[in-house]
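The values are calculated or read from the model by the stated rules, or taken from the named source; none is laboratory data. Quantities reported herein were computed from a predicted structural model and do not represent experimental measurements. Cβ coordinates were reconstructed from backbone atoms using ideal geometry, including for glycine residues, and neighbour counts include every protein chain displayed. Surface areas here come from the heavy atoms of the whole protein model, side chains and all, with no ligands, DNA or RNA. Shrake-Rupley method; radii C 1.70, N 1.55, O 1.52, S 1.80 Å.
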Amino acid sequence: MTTNDKPPIEVRASKMHALGMSAAQFLKDYWQKRPLLIRACDDFVCPLTPDDLAGLACIEGTLSRIVRYERRRDRWLVETGPFAEQRFAGLPKRDWTLLVQDVDRWDPDVRKLLHAFDFLPRWRIDDIMISYAVPGGSVGAHVDQYDVFLLQGLGQRRWQIDASANPPLAFRDDAPIRLLQQFNASHDWQLGPGDMLYLPPGVPHFGVAQDECLTLSIGMRAPSAGELLAAFAAQHALEMDEAQRYADPDLAVAHAPGAVDGEAVRRVRATLTAALAQDDRAMADWFGRFLSVYRAAEAPTPKRLSAAQIEARLKRGSNFTVSPKLRLNYSQDDQMAMLHGNGETLPTTLRLAKLCTQWDLSIDSAQFAALSEPDRASVVELCKRGWLIEV
Ligand code: SIN
Ligand code: CO
């Protein structure tokens, strides 16, 4: 590639490079910058069947939707789950999609796919949403605010995208989902099993199922400034010192008493900036806790378990894994770690924090026995809090 050439928009994966290039190259040339279609290099085995997905959509606690398009009336319809099993029998042969969010939470085989994205910080991955669509099924032309990897699981989907510099982004106001008023495709591809389309935020895209298909959307998490501010305020506002407030010891005589002048604006900005100021440790602790809860998840259930009971269960063949009700992450704190889950922090060794945040954590009796005394005590505490559960 010469210096003036743009990186290619289509590449082929290889056994060594699932992204068709090294992760460093992908991050440099594509991540948050430009779309990329990665053609599969070998047969892809979808970790889930359409029936598995429909089953999940019937369970209380999962987040699911059916999006239907009535062609004759150009009308979009959305139903939210959980669904009764019979609902699926009553659907037409064409033009609908079932979407289930957070499937990685519920299905260990789907969760394993996250391993391929280990080049990204785990917290940056929001979820794996999976859609099942019948021919013609689509959620319309739209944009997402976050990066997404659209991995084709089963069947064929036609993806059109608008990779132009300033695409029209106005939404239709007559639909229950966010649809673009105008969509001009710059690229048009058919994706089969294992093919994957990466889209940075803000690229209009329009996917239509050509036959029965499953599409896995590995969606990234990038909290909006508004979300961060609201969560930060909810946590800190009440704890703040009442004496920390707007102050103006340098006040000059007011010539226009009705006005909020530039000096007042400067002071209020300084008050807010001081309120947001946190040292790195405090900011990491807050952010880690903020990231450690799922939307729409009930709190983990604490368990009355003693260390002896946990050991006995491990000896009987039980394993302990992370509860699907929370997302564990950690921040380093000197040579120790702050392990975050369920909006809380537990100080642990760095070794245990790393172990607990592995994507496929499963602590068995041998692993437990090999842990240091303090790590075993932390595992017991994690089980008591319901952060680790028996499987
Ligand atoms: C789908 O799977 O139908 C939609 C995924 C997306 O556009 O983000
Ligand atoms: Co999308």
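So here's what we get for this one:
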item: Exposure ranking of Thr349, Thr215 by accessible area [1.4 Å probe, largest first]; result: Thr349, Thr215
item: Average accessible area per residue (Å²) across region 284-391 - probe 1.4 Å, nucleic acids and ligands excluded; result: 48 Å²
item: Net charge of neighbours whose Cβ lies under 13 Å from the Cβ of Ile59, counting Lys and Arg as +1 and Asp and Glu as -1; result: -4
item: Kirkwood hydrodynamic radius over Cα pairs of region 51-195, then Stokes diffusion coefficient at 25 °C and 0.890 mPa s, in µm²/s; result: 146 µm²/s
item: Cut-off under 5 Å, modelled amide H: who pairs with Gly386 long-range; result: Lys303
item: Distance histogram for region 204-354 (every C-alpha pair counted, 5 angstrom bins, percent rounded to whole numbers); result: 1, 7, 10, 13, 13, 12, 10, 9, 8, 6, 5, 3, 2, 1, 1, 0, 0
item: Protein accessible area in region 198-264, 1.4 Å probe - carbon and sulfur %; result: 60 percent
item: Cα gyration tensor category, rounded, prolate or oblate, for the chain with a/c compared to 1.5; result: oblate
item: Highest-MSF residue in the chain out of His255, His340, His115 [GNM, Cα springs under 10 Å]; result: His255
item: For Phe83, net neighbour charge (Lys/Arg +1, Asp/Glu -1) across residues whose Cβ lies under 15 Å away; result: -2
item: Accessible surface of region 310-385 [probe 1.4 Å, protein heavy atoms]: carbon and sulfur percent; result: 48 percent
item: Net charge, Ala163 excluded, C-beta distance under 15 Å - Lys, Arg +1, Asp, Glu -1; result: -3
item: Apportionment of accessible area to carbon and sulfur, region 1-101, percent (1.4 Å); result: 51 percent
item: Chain lengthening between Met240 and Ala222 when straightened (0.36 nm per residue, less Cα-Cα); result: 3.8 nm
item: GNM top mover of Thr97, Thr62, Thr301 - the chain, alpha-carbon springs below 10 Å; result: Thr301
item: Cα extents of region 236-303 along the three principal axes, largest first (Å); result: 64, 25, 18
